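Enquirer: Starting off with a structure, shown below.
Only the coordinates and a few stated rules stand behind these numbers; no lab work does. Quantities reported herein were computed from a predicted structural model and do not represent experimental measurements. Heads up, the Cβs are rebuilt from the backbone with ideal geometry, glycines too, and the neighbour counts pull from every protein chain shown.
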Amino acid sequence: MKKNFLSENIENYKKDLAKLISFKTVLKKEYPNEEMKKALSFMKEIADRDGMKSYINPDGYYGYIEIGEGEELIGILTHIDVVPTGKVDKWDSDPFELREADGMLYARGTTDDKGPLMLSYYLLKYLKDFKLNRRVRLIFGTDEESNWRGVAKYRELEELPTFGISPDSSFPVTFLELEAVQMELHSEPQETEWEIHGGVAANVVPSEAEFKKGEKVIKAKGKSTHAMNPQKGINAIYELLKQLPEDVKHPLIDFIKNELNYEVHGETVFGRLIEDKYAKITLTLGMMDIDNNQQRIVLDSRVPTSSSVTEIFEILKQKAEKYGLTLKERKRHVKVHIPEEHWIVKDLVTAYSDVMGEHVPPQASGGGTYAKAMKNIVAYGPLMPGLDYTGHKYNENIIIDDYIKAFSIYENVFRKWTDAK
């Protein structure tokens, strides 16, 4: 791989990324929180340093950096918030301190999405000295991992891109993002002499779960992964329920055992395998809490084009009612489908092929990126095809050489889209 602007400035990239990583931008009850506001201020600070136009929403919902001229606006949609770290002692180093080892960078947010955000920033830093016939705006929200309030506020107040990308996925390009929904299933409170707790986020396969009754404790371990690919993980809640004494009874437990049946594709509860030519449905049990204060489970589902969120919600609702349980929708994301023959998709596939010397067809994904937030946006890189996605996991990481390659891919297509001279 020949040298490019990122390879020549890699130490500066790592320094800027380390600072951005250091802000603990995990969602809390207060939103937007102070750590998010500090991260936004830092992005403005480096934009000022490098002579680029920037704006930070005064309430801390979003920010953007812009270069170029012209009526059309190309968007690069990213986010500064991150999922919780889980137990810090499960990491090989402090998750909010960037660590380099064996050609890789480790920290929470390296993959999702601070690493790609800073990669995009360096793309703008490179392009700003060219004459561009379109404007390029790097947009960063603050609530992508939860309720998307940051990008919603941006849509309400700001100019929308004509088209663009969200670098929160993998190459070559994601032309179809499945419809997705998160749901909460709860029972009426009933006194229990025991507790069950597992999971930290709806869109993460839980790696730990625990049962407590007096001094008796049962713990279960799993393997965390993103809910778009639950088959790549091991659900600790499921592992825990398999170990419980037979006298531990609860409608939620019965529902999980009888209907969810420890499956990742929901064949039992839906009565069939729901799939199309692109993907199979996923059904992930992300969180479970049973104690004398709350009794609920949280589900995440990514739905193929052969069905719909409305259909699967009604199926789950009817099944839940048989156990005296109530199902409610927490949030829903529409699907993104830009046809494979569309010029945006073709340009992005070509840019990847030109740089990497191989043709890889566009893909469908169960992931949910900011491509769902605005029209004519598709998820594009920076993860290389076939590699394991480490976002939402312990020891989240990126490969430095792969990011240098990704920069060349982005450079290729953005120079074309802006007629950079």
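Enquirer: Report, for the chain, the % of DSSP beta bridges that are antiparallel, rounded to 5.
Expert: Of the beta bridges lying entirely in the chain, close to 75 percent run antiparallel.
Enquirer: Something else: Give me, ordered by chain and number, the residues 5 or more places off PHE163 or on other chains with an amide H under 5 Å from its own placed amide H.
Expert: Answer set, sorted by chain and number: LEU73, GLY75.
Enquirer: Taking the square root of 5 times each eigenvalue of the Cα gyration tensor, what semi-axes in Å does the equivalent ellipsoid of region 179-333 have, largest first?
Expert: 26, 17, 13
Enquirer: Compute the FRET efficiency between THR326 and SER41 as 1/(1 + (r/R0)^6), taking r as their Cβ-Cβ distance and R0 = 51 Å, and round to the nearest 0.05.
Expert: In this case the efficiency is close to 0.75.
Enquirer: Between region 142-156 and region 1-70, how far is it from one alpha carbon centroid to the other, in angstrom?
Expert: 17 Å
Enquirer: Between the DSSP loop rule and a limit of at most 12 other Cβ atoms within 10 Å, which trypsin sites (Lys or Arg not before Pro) in region 259-293 are left?
Expert: Hits after loop and neighbour filter: ARG272, LYS277.
Enquirer: Where does the chain land at 222 nm, in deg cm²/dmol rounded to the nearest 500, when only DSSP H runs of n ≥ 4 count, each adding -39500 (n - 2.57), divided by all residues?
Expert: After summing the helix terms and dividing by residue count, I get -8500 deg cm²/dmol.
Enquirer: What ranking of GLU97, GLU341 emerges when the number of other C-beta atoms within 10 Å of each C-beta is taken as an exposure proxy, fewest first?
Expert: Listed from fewest to most nearby Cβ atoms, that is GLU341, GLU97.
Enquirer: Treating only the Cβ atoms of Lys and Arg (+1) and Asp and Glu (-1) as charged, compute the dipole magnitude of region 296-419 about its Cα centre; round to the nearest 20 debye.
Expert: My answer is approximately 860 debye.
Enquirer: Would you mind ranking SER308, SER224, SER120 by Cβ crowding within 10 Å, fewest neighbours first?
Expert: SER308, SER224, SER120
Enquirer: For the chain, what is the convex hull (Cα atoms) projected area averaged across all directions, in square nanometres?
Expert: Over all viewing directions, the chain projects a mean Cα-hull area of 20.4 nm².
Enquirer: Using 14 Å as the cut-off for backbone N distance, which residues of region 348-382 belong to the label zone defined by a point 7 Å from the Cα of LYS2 along Cα→Cβ?
Expert: Within reach of a label on LYS2: 354-357.
Enquirer: Once you've got the Cα coordinates, tell me which of LYS19/LYS416; LYS29/LYS87; LYS38/LYS416; LYS19/LYS87 are over 24 Å apart.
Expert: LYS19/LYS416; LYS38/LYS416
Enquirer: A further question on this structure: Name the aspartates and glutamates eligible as straight-distance cross-link partners of LYS335: C-alpha to C-alpha under 12 Å, and not fewer than 8 places from it in the same chain.
Expert: Here the aspartates and glutamates satisfying the reach criterion relative to LYS335 are GLU177, GLU179.
Enquirer: If you count the DSSP beta bridges with both ends in region 50-199, what percent of them are antiparallel, to the nearest 5?
Expert: If I count the DSSP bridges inside region 50-199, around 55 percent turn out antiparallel.
Enquirer: With the cut-off at 21 Å, tell me which of the pairs LYS53/LYS128; LYS319/LYS393; LYS219/LYS242; LYS53/LYS131; LYS24/LYS128 have Cα atoms farther apart than that.
Expert: Pairs exceeding the cut-off: LYS319/LYS393; LYS24/LYS128.
Enquirer: Using the alpha-carbon centroid of each, what span in Å lies between region 318-375 and region 74-105?
Expert: Using only Cα atoms, the two centres lie 23 Å from each other.
Enquirer: Something else about it: With a sphere of radius 13 Å drawn around the Cβ of PHE270, what net charge do the other residues whose Cβ falls strictly inside it have (Lys, Arg +1; Asp, Glu -1)?
Expert: Result for the neighbourhood of PHE270: -2.
Enquirer: Something else: Within 10 Å of each candidate Cβ there may be at most 11 other Cβ atoms; applying that plus a DSSP loop requirement, which trypsin sites (Lys or Arg not before Pro) in region 89-193 survive?
Expert: LYS131
Enquirer: Something else now. Classify region 93-160: rounded, prolate or oblate, from the alpha-carbon gyration tensor (a ≥ b ≥ c, eigenvalue square roots; a/c under 1.5 rounded; otherwise prolate if a/b is larger than b/c)?
Expert: Oblate is the answer for region 93-160, as a/c is 1.5 or above yet b/c matches or exceeds a/b.
Enquirer: Enumerate by residue number the chymotrypsin sites (Phe, Trp or Tyr not before Pro) in region 114-175 meeting two conditions: DSSP loop (anything except H, G, I, E, B), and at most 16 other Cβ atoms within 10 Å of the site's Cβ.
Expert: PHE130
Enquirer: Farthest toward the dipole's positive end in the chain, which of ALA227, PRO84, VAL360, given Cβ charges of +1 (Lys, Arg) and -1 (Asp, Glu) about the Cα centre?
Expert: VAL360
Enquirer: When the Cα centres of region 219-242 and region 275-300 are compared, how far apart do they sit, in Å?
Expert: 11 Å
Enquirer: Follow-up. Once the Cβ-Cβ distance between SER308 and TYR262 is put in as r, and R0 is 30 Å, what FRET efficiency do you end up with, to the nearest 0.05?
Expert: 0.75
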